[in-house]
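Computed from the coordinates by the stated procedures, all read-outs in this text should not be read as laboratory data. Owing to the predicted nature of the structure, the values given are computational and were not obtained by experimental measurement. Every residue, glycine among them, receives a Cβ derived from its backbone with ideal geometry; neighbour counts consider all protein chains shown.
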Amino acid sequence: QVQLVESGGGLVQAGGSRRLSCATSESIVSFNTMAWYRQAPGKQRELVAIIASGGSTTYADSVKGRFTISRDNIKNTVYLQMNSLKPEDTAIYYCNAARLGSIRLYWGQGTQVTVSS
């Protein structure tokens, strides 16, 4: 079974930075995409950033220019570097892994990021 474990969340002041990590139990190259989602209380889960196996990346408009998704294939870890954080970035951040041709998605337990003004 696939396991994803997020870490790095915490309390950050507005304008600050934080780096989230997602450690996987399997080689990340076996997944077509790795992504970060987030969900604020009372709101739907939204896609934040995605990185494909070929290295291409896509970001939500709300985080473009501020967040960067990256990966380390040797350590089987995906990162989300968050800069210039805003209070509206407050949410639980989830790591996601997917394989094309499979309906099953894999999720981590989530890590809380709180941005104070």
| task | Determine, from the Cβ-Cβ distance of Lys43 and Asp72 and an R0 of 25 Å, the FRET efficiency 1/(1 + (r/R0)^6), rounded to the nearest 0.05. | result | 0.25
| Using a cut-off of 29 Å between alpha-carbon atoms, which lysines can reach Lys86, once sequence neighbours fewer than 8 places away in the same chain are excluded? | Lys43, Lys64
| query | Rounded to a whole number, what is D in µm²/s for the chain from Stokes-Einstein with the Kirkwood radius over alpha-carbon pairs (10 °C, 1.306 mPa s)? | reply | 112 µm²/s
| task | Would you mind calculating the relative contact order of the chain from Cα pairs under 8 angstrom and at least 6 residues apart, reporting the percent as a whole number? | result | 37 percent
| remark: Label model pair Leu105, Ser117: point-to-point distance (7 angstrom along the Cα→beta-carbon line) in nm is 3.1 nm
